[in-house]
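**Student:** This structure is in structure tokens; I'll ask about it shortly.
Any read-out appearing in this document is the output of simple, stated calculations on the displayed coordinates, not a laboratory observation. What you see is a predicted model; the values in this text were computed from it and never measured. Glycine gets a Cβ as well: all are built from the backbone with ideal geometry, and neighbour counts include every protein chain shown.
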Amino acid sequence: MTIVVKVGGAPGNSSGPVASDLAGRPDCVLVHGGSAEVDRIGTALGAPPEYFTSPSGVVSRRSDPRHLEAVVLGLAGKVQTDLVALLGSRGIRAIGLSGVDGRLLLAQRKTGVRARVGDRVVRLADDLAGTIERVDSTLLTWVLGAGYLPVVGPPAVTAEGEVVNVDADQVAAAVASALSATELVLLTNVPGLLRDPNDPATLIPQIPAGELEAALPLASGRMRKKLFAARDAIRGGVRRVVIASSSVDAPIRSALEGRGTVIA
Ligand code: ADP
């Protein structure tokens, strides 16, 4: 009964409570993002974050070679290392794996990435973003079987060996599907999907899986990517997805008890 937990990396996320809650939970896989750290490192390297809007209105991080460097250093270098160290301090034997390690996350590079610029659409030929094609579940099962907690994050790698950026919520959905996880818990800096993103009292407690498509317009920005991930996970056979806060006490237990937005 595998549970996949993803912890976000935008400001307002807390990994401490998540790490404490993972102690004594075998068969969990932790997936991480880390946008704040990527932004910080990118800025220090002279490549502050840039975003673009696709013709269909989805906002994505720019992943040209300069920005991809910040993704690799920020996620595989800093966030993952810190999480593995934190888990170790809680008595959890953890192993960090980026999607490149063992080709854990095999991706197809997105060709023809397009951005809206004013009333024109331009092609971003140098964008190194990918779509996950396959997760090596054997590697994860092997790590779990040896008694270690896998800590997984972007980037991914293509069959040709190109390192590409992938969305961490998509990673979580792909890992949960590949492992036939029963639950996917997406922990973030808000209590769940909110009717008004500025008002935590407007939490939507439940979305039947069949009504997920209709709920998409409620979410803007990054929250929409979580709903896409939830949809992919449910399609991939995951029974229940919970979007919940990472910064409450025992955030995983709390989410599994239904505090957050439950999609099933
Ligand atoms: P993380 O790093 O935890 O994955 P993100 O910044 O990627 O966090 O996504 C969560 C953010 O989505 C929230 O902080 C909020 O600003 C934004 N958001 C947009 N629409 C909604 C909504 N309807 N409900 C909740 N959050 C929303």
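**Student:** Using a Förster distance of 45 angstrom, determine the FRET efficiency expected from the C-beta separation of D82 and D119, and round it to 0.05.
**Tutor:** Details: r = 43 Å, r/R0 = 0.96.
It comes out at approximately 0.55.
**Student:** Whole-Å semi-axes of the range 126-236's equivalent ellipsoid, largest first, each the root of 5 times a Cα gyration tensor eigenvalue? All intermediate terms of the calculation are to be shown ahead of the outcome.
**Tutor:** Numbers: eigenvalues 152, 63, 33 Å².
After diagonalising the Cα gyration tensor, the semi-axes are 28, 18, 13 Å.
**Student:** Moving on to the next point. Which is farthest toward the positive dipole end of the chain among A47, V71, G260, measuring Cα position about the Cα centre, with Cβ charges +1 (Lys, Arg) and -1 (Asp, Glu)?
**Tutor:** Positive-most Cα among the choices belongs to G260.
**Student:** List the trypsin sites (Lys or Arg not before Pro) within the range 11-101 that DSSP assigns to loop and that have no more than 13 neighbouring Cβ atoms inside 10 Å. Show your work: numbers first, answer last.
**Tutor:** Numbers: sites: R40, R61, R62, R66, K78, R90, R93; in loops: R62, R90, R93.
Sites meeting the loop and neighbour criteria: R93.
**Student:** Which aspartates and glutamates have a Cα lying under 12 Å from the Cα of K6, excluding residues fewer than 8 positions away in the same chain?
**Tutor:** Of all the aspartates and glutamates, those that pass the test against K6 - Cα under 12 Å, at least 8 places apart if same chain - are D167, D169, E183.
**Student:** Convex hull over the Cα atoms of the range 64-218, averaged projected area in nm²? Intermediate values should be presented prior to the final figure.
**Tutor:** Numbers: hull surface 48.3 nm².
It is 12.1 nm².
**Student:** Can you work out the base-10 log of I(q)/I(0) for the range 190-240 at q = 0.20, 0.31 1/Å, using the Debye formula on its C-alpha atoms alone?
**Tutor:** At q = 0.20, 0.31 Å⁻¹ the computed log10 ratios are -0.67, -1.33.
**Student:** Using alpha carbons only, what's the Rg to Rh ratio of the chain with Rh from Kirkwood?
**Tutor:** Values: Rg = 17.4 Å, Rh = 18.4 Å.
Reported Rg/Rh (Cα atoms, Kirkwood Rh): 0.94.
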